[in-house]
Amino acid sequence: MSVSLAQSQTKESLSVPFIDLKQQFENLKPELDKALSPVFQDASFILGPAVKSFEANFAKYVGTKHCVSLHSGTAALHLALIAMGIGPGDEVITVPNTFVATVEGIAFAGATAKLVEVDPKTYNLDVKELDKAYTSKTKAIIPVHLYGQCANMSEIMAWANAKGVQVLEDACQAHGAKDKGKNAGTFGVASCFSFYPGKNLGAAGEGGAVCTNDDAIAEQVRLLRDHGSRKKYVHEIVGHNFRLDSLQAAVLGVKLPYLDEWNEQRRKHAASYTQKLAGVEGLVLPHVPEGSEPVFHLYIVQVADSQVRQKVQDYLNSKNVSTGIHYPIPVHLQEAFNNLGYSKGDFEISESLAERVLSLPMFPELTEAQINHVVQSLKEALK
Ligand SMILES: Cc1ncc(COP(=O)(O)O)c(C=O)c1O
């Protein structure tokens, strides 16, 4: 009996999904049922008590006065910029090494994105590059806390304050991350979060939020998300429908108290990968600067080039290890952003990262046996 159990565990551990959301929802099922029932019973599907309660709790978690929940992180970027007064004729600086939504937010606000290169070690915005992109039209910067690690916020804030430029943090991958003891989402005038299912705090569908201490920005985002209306059928400005569903807010409300514990598990898994992969030839491991406390939304390694990466991915696949690439095409080389006027060679570090990065399985429920299997398979693949 014990032998067959051990065998089945070994077999199970040999399969490593990139992320396992089913397990998390299974573990939380009783709590979720309890939280979702009142939404159905009261038919409070739109901006009901679950939304208000989640907003209050998430604002407290992040450490901002306001959290305005929205339909997605993309909507958060879009509406935050408008609420900050950014629009046509304005320029917003961000990075090419990000998920496309960062730049979509700028485009939907009617502004123009100006891209700057990232730091080759942290993969986040390189402060030294900011002067190159600055013009009299620069109104904001969006640093992205990529993979769950804060950009160099003290230096970015110092630069922005000196220039009188607003900072909007793209914290969509960084719920709970810190830089020198300060929470992601509390550095700039506002910050954007995504609750896409695979995020460190994920809904059972779409979700996002703007967090801010600025009353006027919060109020404007609240108006914009709900048809420009404070009172039913009275519309003060042209808005949109970007509200978070109460059902999603209820799910997020159940999950939020677990976020720190899940982030801690992610950090533990990251430390385990780093320790076990240290010194492996042909691999670059994540760099964590002094004072940074990342939450490892993703654990990224770099290999030599895209051909090696394809071979490594194929080999890992054959060993039932799923991996990802975040992201294979930098924003400046996306057809959608041809109008920005960039071309190949403009951001060599971002382009090189796009060819080399590989995301290993990362989720709180990952087991040590699964990590060992990933590590062993990766070592074999690189031989
Ligand atoms: C860095 C970054 N910005 C913005 C977004 C957009 O969030 P959403 O998918 O909720 O619209 C994401 C999510 O994928 C992201 O990773």
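Between N27 and V308, the simple label model (points 7 Å from Cα in the Cβ direction) yields a spacing of 3.5 nm.
At a 10 angstrom cut-off on C-beta neighbours, averaged per residue, how do the peptides 253-260, 26-33 rank from highest to lowest? Intermediate results must be reported in sequence, preceding the final value.
Numbers: 253-260: 17.2, 26-33: 12.6.
In decreasing order of mean packing, 253-260, 26-33 become 253-260, 26-33.
Taken along its principal axes, the alpha carbon cloud of region 239-383 reaches lengths of 52, 46, 36 Å, longest axis first.
To the nearest 500 deg cm²/dmol, what mean residue ellipticity at 222 nm is calculated for the chain from DSSP H runs of n ≥ 4 alone, each contributing -39,500 (n - 2.57), summed and divided by the residues? Please report the intermediate quantities before stating the final value.
Details: 13 runs with 159 residues, N = 383.
Rounded to the nearest 500, it is -13000 deg cm²/dmol.
On the beta carbon distance between Q376 and K34, with R0 = 51 Å, the FRET formula returns roughly 0.80. Applying D = kT/(6 pi eta Rh) to the chain, where Rh is the Kirkwood radius over alpha-carbon pairs, T corresponds to 20 °C and eta to 1.002 mPa s, the Stokes-Einstein value obtained is 99 µm²/s. With respect to the cross-link table entries K60/K182; K52/K178; K65/K182; K121/K319; K199/K255, which display a Cα-Cα separation exceeding 19 Å? The pairs that break the limit, which is 19 Å between Cα atoms, are K52/K178; K121/K319. For the chain, set up a Gaussian network in which alpha carbons nearer than 10 Å are linked by springs, and say which option among I325, I217, I141 fluctuates the most. The residue with the greatest mean-square fluctuation here is I325. What percent do you get for the relative contact order of region 25-257 when only Cα pairs under 8 Å and 6+ apart count? Here the relative contact order equals 26 percent.
Bear in mind these aren't lab numbers, they're just calculated from the coordinates by the rules spelled out. This one's a predicted model, so the numbers in the text were calculated from it and none came from an experiment. In this analysis, Cβ positions are derived from the backbone assuming ideal geometry, glycine residues included, and neighbour counts consider all displayed protein chains.
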